[in-house]
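Beneath this line is the structure, given in structure tokens, with notes to follow.
The values are calculated or read from the model by the stated rules, or taken from the named source; none is laboratory data. Keep in mind the model is a prediction, meaning the values are calculated, not measured. Using ideal geometry, Cβ is built from the backbone for each residue, glycine included, and neighbour counts are taken over all protein chains shown.
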């Protein structure tokens, strides 16, 4: 069973990446030039990212 620690909010993703929540929102929407969209789940207006998806995204983009 999954724990809440595996599901991250935009604020938590921003803390991990050391950037603003607005920059994370842009990454979720695919608005960051040269970087593919960050996979997420929308629940109403809220956005969530699984920690596994964030790690995969970081690994795929570490050489850019």
- Item | Top-ranked residue of region 18-50 - restricted to ones that are part of a helix (DSSP H, G or I), free of Cβ contacts under 8 Å to residues at least 12 places away in the same chain and in contact with a helix residue (DSSP H, G or I) (Cβ under 8 Å, 6 or more places away or on another chain), ranked as farthest from residue 62 (Cα to Cα) | 21
- Message: Looking at region 5-16, can you tell me whether even one residue there is modelled with pLDDT under 95 and part of a helix (DSSP H, G or I)?
- Response: yes
- Query: Can you find a residue in region 52-61 that is surrounded by 14 or more Cβ atoms within 10 Å (Cβ to Cβ) and touching a strand residue (DSSP E or B) at 6+ places or on another chain (Cβ under 6 Å)?
  - Reply: no
